[in-house]
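Enquirer: Structure provided below as structure tokens; questions to follow.
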Amino acid sequence: MRKWSGKRGISSKKPHSPRSTQSRRRRRRATGAGEPELDEEPKEEVKKPERPLPACGVNLPGGAREYSPRRTRNLNAQNCLQMEVVARTVLLGRFQFLSCFMEQLRNKMHVLRRCQFTGRMTLGIAAFVAILHWIHLITLFENDRHFSHLSSLEREMTFRTEMGLYYSYFKTIIEAPSFLEGLWMIMNDRLTEYPLVINTVKRFHLYPEVIIAFWYRIFVGIMNSFGLETKTCWNVTRVEPLNEVQSCEGLGDPACFYVGVIFILNGIMMGLFFIYGAYLSGTQLGGLITVLCYFFNHGEATRVMWTPPLRESFSYPFLVLQMYILTVILRTSNNSKKHFIALCLSNVAFMLPWQFAQFILFTQIASLFPMYVVGYIEPKKFQKIIYVNMVSVLLCFVLMFGNPMYLSSYYSSSLLMTLVIILKRNKIQRLGASGLHFWIIQGSAWFCGTIILKFLTSKILGVSDHIRLSDLIAARILRYTDFDTLIYTCAPEFDFMEKVTPLRYTETLLLPIVMVITYFIFKKAFRDILCVLSANTYLRRQLLEHGELIFHTLQLFAFSSLAILIMRLKLFLTPHMCVMASLICSRRLFGWLFWRVRFENVIFGILTVMSIQGCANLHNQWSIIGEFNNLPQEELIQWIQYNTRPDAVFAGAMPTMASVKLSTLHPIVNHPHYEDADLRARTKIVYSAYSRKSAKEVRDKLVELHVNYYILEEAWCVVRTKPGCSMLEIWDVEDPSNSANPPLCSVLLKDERPYFTTVFQNSMYRVLKVNW
């Protein structure tokens, strides 16, 4: 019998677990009992992955991330029934598995081709690939951070920048006396933008944290009522001079539960990709190609395994569902109400967690509208789709407590203009314009009307000062720069697409396949449109079929444009390319080829070439072995916890402020959620410590914000991710009148008196007390 003390489930004996074989850097002991020391295994050389560049203004160095070789765990001696062993067995035998899979694929190609797109086999394969992707994600995440061996504080520190901010509200709810009290606390928050009281659910799109916190409280409550253990805690020995820490595993640990839900959701997404690709191509083999393309280009398709709490991790899976449902609606002639209800709910689920989602749906309307104009969508069906989208916007507006961003976006404006054009279609036709002129009139009215309506609603609702994705894209195109746009565009994820990205797509054959498919779709569409312009109504109906293919091609161009302008938006482009790749199996497009060449040989040859670089990409991901370690920030947080009053107010770099709020619960005046106009003004005041302004001027502004302590990071004084992106260069653009003055940061590092007093200092951080 195991003995557990308290509700934390701390073991008094070392439980049998695959985790018992420990790393060179950290070794575990069951809390409360000793164990023999493990023999040191031979060290294995592991190539250190290249660390990402810091993001100026968003992700500048505020902490360290170290990678180290760790002991290989001997899984043969462990209990093979446990899930981790199953995961490791599959992944360690990855090449044998892929080789066997490719060998069997050719033999069963003909069977898969003839399988009807129905039933249990499709769902079974979807469930399998969902589990496989879930295993892949948790393995990469654990390998990168050694998350299972980190203390609670270290786990919180891994959630850098806005990730830590989002997680802090989940933590607030689960630590509150009740769920409703926790919800009230985050809806009336004074810690995030002290001394202002803000509704963080409305501002930061926190429905995912609210729902997961509710599930966590229910789970822990049920387990405690039955007296079941929810987590196992260990003492972890760290490399000197670091002291021993406690580390807990299991769904009872808040951080493990939180990231576990995210990985399950994104695992399910892969099963949905299989169903999506199979439906679009008309064969289960097409779904398989979609899945393999996603795995082979995994590093270009998602970053959920590195940054789980980001909004896209919760939102994007529902976009996949939404596009699948929309594809069903476009392909099916007679749609039932359940299709449109499902479309509405998936729209809401996509928009609620992420402020950028509306712009993505705007590109969707922009793709559907020309299809309606030409005739690929019947007016009645398109009108229903627009009504469903309008209902989705109104539901989000209500659920987000009247957030005006939903009503003042390009998405909402485009919906209104589209509806007006549909309702006034007959009147426009009475103008007597020819077919081509009729199309041009509708397109011009939609484009100009959407832009005008967007700016009018923004002015009326007072949200014109908020930064949105559309503003960043406009700044890219027009080359407009100011302090706010530079804070974004200097971050690597908001930079232009890397020049090497198309090469990576080409190496896995993803780009060539999609280009070939796009060529044949456009060839067919161009031929159809020419015929339609001179054909009667009956022939028009016969010609303009398969509108879903045109829709996916137009979306491909929209996503390509976004990804080229903003690298972060590759998360839309790469998966969509994987879905498009499934069409290589489509008889609608390539039936003429499959009559001449054996279908199995073509697909097998393509998969063989894809797998050469694809397997290498997977191997590179699996070979990333690291361990999180940020001693300077750990020292900073512990100093704040033990040496300052609970109501002391802090200011500093946005990433660091998120960690301070999360781990110390101290009030802060700025944070990484930079879209709001008032928050940007506050952050500009805080960041003036890195400008050329005088110390007195900066001190006076900080006093106005009620700041007690300012955290100065020496790296921010000199770091430069690319030309024009150091904080000093950004300030010289914003404040050219002081460009001749010395940098204030250097002055404060030499002598901060009389306006500030240094109260804490280590290798990375310096805490300055603001002398009021």
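Enquirer: Please state which of the following conditions residue 322 fails to meet, knowing it meets all the rest: (1) touching a residue at least 40 places away in the same chain (Cβ under 8 Å); (2) in a helix (DSSP H, G or I); (3) buried (at least 24 other Cβ atoms within 10 Å of the Cβ).
Expert: If we test residue 322 against (1) touching a residue at least 40 places away in the same chain (Cβ under 8 Å); (2) in a helix (DSSP H, G or I); (3) buried (at least 24 other Cβ atoms within 10 Å of the Cβ), just (1) comes out false.
Enquirer: Go over the candidates 689, 653, 616, 681 one by one and state the one that is buried (at least 21 other Cβ atoms within 10 Å of the Cβ) and more than 17 Å from residue 162 (Cα to Cα). Walk me through it before giving the result.
Expert: Values: 653 fails: more than 17 Å from residue 162 (Cα to Cα); 616 fails: buried (at least 21 other Cβ atoms within 10 Å of the Cβ); 681 fails: buried (at least 21 other Cβ atoms within 10 Å of the Cβ).
Just one listed residue meets the conditions, 689.
Enquirer: Given (1) of a type in the set (A, V, I, L, M); (2) crowded, with 22+ Cβ neighbours inside 10 Å; (3) closer than 30 Å to residue 148 by Cα, identify the lone condition not met by residue 625.
Expert: Checking residue 625 against (1) of a type in the set (A, V, I, L, M); (2) crowded, with 22+ Cβ neighbours inside 10 Å; (3) closer than 30 Å to residue 148 by Cα, the one that fails is (2).
Enquirer: Please find, among 675, 714, the residue that is in contact with a strand residue (DSSP E or B) (Cβ under 9 Å, 6 or more places away or on another chain), of a type in the set (D, E, K, R) and surrounded by fewer than 23 Cβ atoms within 10 Å (Cβ to Cβ).
Expert: Details: 675 fails: in contact with a strand residue (DSSP E or B) (Cβ under 9 Å, 6 or more places away or on another chain).
Of the residues listed, the single one that is in contact with a strand residue (DSSP E or B) (Cβ under 9 Å, 6 or more places away or on another chain), of a type in the set (D, E, K, R) and surrounded by fewer than 23 Cβ atoms within 10 Å (Cβ to Cβ) is 714.
Enquirer: Where in region 354-451 are the helices (runs of 4 or more DSSP H), entirely inside, with at least 2 residues that are under 25 Å from the mean Cα position of the chain (by Cα)?
Expert: Numbers: elements: 357-374, 379-399, 410-423, 425-429.
The helices (runs of 4 or more DSSP H) meeting that bar are 357-374, 379-399, 410-423.
To keep it simple, each residue is scored yes or no on (1) in contact (Cβ under 8 Å) with a residue 12 or more places away in the chain; (2) under 25 Å from residue 491 (Cβ atoms); (3) of a type outside the set (Lys, Arg).
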position: 714; (1), (2), (3): yes, yes, yes
position: 733; (1), (2), (3): yes, yes, yes
position: 737; (1), (2), (3): no, no, yes
position: 744; (1), (2), (3): yes, yes, yes
position: 767; (1), (2), (3): yes, no, yes
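Enquirer: Taking the condition under 31 Å from the mean Cα position of the chain (by Cα), at pLDDT below 90 and not polar (S, T, N, Q), does residue 165 pass? Quick ask: steps written out before the conclusion?
Expert: Values: under 31 Å from the mean Cα position of the chain (by Cα): yes; at pLDDT below 90: no; not polar (S, T, N, Q): yes.
Judged against the criteria, residue 165 is not a match.
Enquirer: Going through region 718-770 one residue at a time, which ones are at pLDDT 90 or above and over 28 Å from residue 484 (Cβ atoms)?
Expert: Across region 718-770, the qualifying residues are 757, 758, 759, 760, 761, 762, 769.
Enquirer: Could you tell me how many of the residues in region 717-745 are loosely packed, with under 14 Cβ neighbours inside 10 Å and hydroxyl-bearing (Ser, Thr, Tyr)?
Expert: 2
Residue-wise test of (1) more than 23 Å from residue 290 (Cα to Cα); (2) assigned by TED's automatic domain parsing to the domain that holds residue 546; (3) among the hydrophobic types (A, V, I, L, M, F, W, C).
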| site | (1), (2), (3) |
| --- | --- |
| 323 | no, yes, yes |
| 334 | yes, yes, no |
| 344 | yes, yes, yes |
| 350 | no, yes, yes |
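Enquirer: Oh, and also: Given the criterion closer than 30 Å to residue 261 by Cα, surrounded by fewer than 21 Cβ atoms within 10 Å (Cβ to Cβ) and in contact (Cβ under 8 Å) with a residue 24 or more places away in the chain, identify the matching residue among 350, 340, 397, 362.
Expert: Values: 350 fails: surrounded by fewer than 21 Cβ atoms within 10 Å (Cβ to Cβ); 397 fails: in contact (Cβ under 8 Å) with a residue 24 or more places away in the chain; 362 fails: surrounded by fewer than 21 Cβ atoms within 10 Å (Cβ to Cβ).
Within the list 350, 340, 397, 362, the selection yields 340.
Enquirer: Scan region 325-340 residue by residue and report those that are closer than 20 Å to residue 375 by Cα and part of a helix (DSSP H, G or I). Break it down into steps so the answer makes sense when it comes.
Expert: Initially, region 325-340 is screened for residues closer than 20 Å to residue 375 by Cα, giving 326-335.
Those that are closer than 20 Å to residue 375 by Cα and part of a helix (DSSP H, G or I): 326, 327, 328, 329, 330, 331.
The values are calculated or read from the model by the stated rules, or taken from the named source; none is laboratory data. This is a predicted model, so every value here is computed, not measured. No Cβ is skipped: glycine too gets one built from the backbone with ideal geometry, and neighbour counts run over all protein chains shown.
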